[in-house]
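**Q** Here it is, the structure in full.
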Amino acid sequence: MANRIHPSILNANLAALDDEIARIPSSDGIHIDVMDNHFVPNLTLGLPVVECLRKNHPDSFLDMHLMIENADTWAPQYAELGCESVTFHLEASQAPITTARKIRSAGSRASVALRPQTPIEPLADIIAEFDMVLIMTVDPGFGGQKFLDSMLPKIERTREIAKRTGQELWIQVDGGVSESTIERCVDAGADVFVAGSAVFRADEPDAMVNALRDKADLRCGH
């Protein structure tokens, strides 16, 4: 599977999102964090803003990451807006299989996210219900945190579980991804990389997108 770079707009200028997205034309997707100040201690944006982004960027792959309570209620609504991928947290869901199926039925890829302290093993028997698993490599809530190397074995176990199913499962990492950490993520089995600070704090954000992808591709021999 090809490596994908999904810059997180959490670290962009939130008052000029259209302009910020235009700065990263080489990205494979736009990672959009939705936070409700309940599930995580931060508040960002919601359905109305995402609806505008969908209209303004019809050709962009919108990768939603919902760090919110009541995920079973809200996640399908983002799929109905036409977002290509919708990720909800296992910890915020009472019915993850039902929610994943609703997301898929609306035409989106269904993804489940795990906080650092949540093990992957309970998902082993139902992992085929998802198109992607997001392994948080920082505590969710704020950008700019240091990458947690302790999550690398979890990524490895997730890839092993996916291989046993024969399923083409994307494994995404989010938190502290940079030129200095992306190779470790590739080695562990990840193939979708969320980079916020590394991209939007770079002098040339799009050049950083390409540099990260090149580094990942070189590591896995693409």
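Computed from the coordinates by the stated procedures, all read-outs in this text should not be read as laboratory data. Keep in mind that what you see is a predicted model, and the values were worked out from it rather than measured. FYI the Cβ positions are ideal-geometry reconstructions off the backbone, even for glycines, and counts take in every protein chain you see.
**Q** What residues have an amide H closer than 5 Å to that of Leu134, excluding those fewer than 5 places away on the same chain, when H is modeled at 1.01 Å from N in the peptide plane?
**A** Counting only residues 5 or more places away or on other chains, the set is Val112, Ala113, Leu114, Gln172.
**Q** Work out from phi, with θ = phi - 60° and the Karplus expression 6.51 cos²θ - 1.76 cosθ + 1.60, the ³J(HN,Hα) of each residue of segment 68-73, listed in order in whole Hz, and give x for Gly and Pro.
**A** Those phi angles translate into 9, 6, 6, 4, 5, 7 Hz.
**Q** Continuing with the same structure: Given +1 on the Cβ of Lys and Arg, -1 on the Cβ of Asp and Glu, and no further charges, what dipole in debye does segment 47-155 carry about its Cα centre, rounded to the nearest 20?
**A** Values: 9 positive and 14 negative charges, 27 e Å.
The calculated dipole for segment 47-155 is roughly 120 debye.
**Q** Let me ask something else about it. Calculated FRET efficiency, Ser150 and Lys55, Cβ-Cβ r, R0 45 Å, to nearest 0.05? Don't skip to the answer; put the middle values down first.
**A** Values: r = 41 Å, r/R0 = 0.90.
In this case the efficiency is close to 0.65.
**Q** Any chance you could list P(r) for the chain, counting all Cα-Cα pairs in 10 angstrom bins from zero, rounded to whole %?
**A** 9, 37, 40, 14, 0
**Q** Which one of Trp170, Cys52, Ala16 is farthest out on the positive end of the charge dipole of the chain, using unit charges on Cβ (Lys, Arg +1; Asp, Glu -1) and the Cα centre as origin?
**A** After comparing all options, I get Trp170.
**Q** Right, next: Once amide H atoms are placed 1.01 Å from N in the peptide plane, what residues at a sequence separation of 5 or more from His6, or on another chain, have their amide H within under 5 Å of its amide H?
**A** Phe193, Val194, Ala195
**Q** Would you list Thr87, Thr98, Thr181 from fewest to most Cβ contacts within 10 Å? Spell out each step's value before the answer.
**A** Details: Thr87 31, Thr98 13, Thr181 21.
Fewest-to-most Cβ neighbours within 10 Å comes out as Thr98, Thr181, Thr87.
**Q** Right, something else. Could you give the length gained by full extension between Asp19 and Ser180, i.e. 0.36 nm per residue of separation minus their alpha carbon distance, to one decimal place?
**A** Contour length minus Cα-Cα distance gives 55.2 nm.
**Q** Across segment 185-193, in residue order, what do the Karplus-derived ³J(HN,Hα) couplings come to in whole Hz, using 6.51 cos²θ - 1.76 cosθ + 1.60 with θ = phi - 60° and x for Gly and Pro?
**A** 5, 4, 4, 6, x, 7, 9, 10, 10
**Q** Here is a further query. Of the beta bridges DSSP finds with both residues in the chain, what % are antiparallel, to the nearest 5? Provide the component values of the computation, followed by the final result.
**A** Numbers: 1 of 33 bridges.
The antiparallel proportion sits near 5 percent.
**Q** Student exercise: in the chain, how many lysine pairs 8 or more apart or on different chains have Cα atoms under 23 Å apart?
**A** Close lysine pairs under the 23 Å cut-off: 5.
**Q** Let's see if you can work this out: charge +1 on each Lys and Arg Cβ, -1 on each Asp and Glu Cβ, no other charges. What is the dipole magnitude of the chain about its Cα centre, in debye to the nearest 20? Before the final figure, lay out each step's value.
**A** Values: 20 positive and 33 negative charges, 78 e Å.
The dipole of the chain has a size of about 380 debye.
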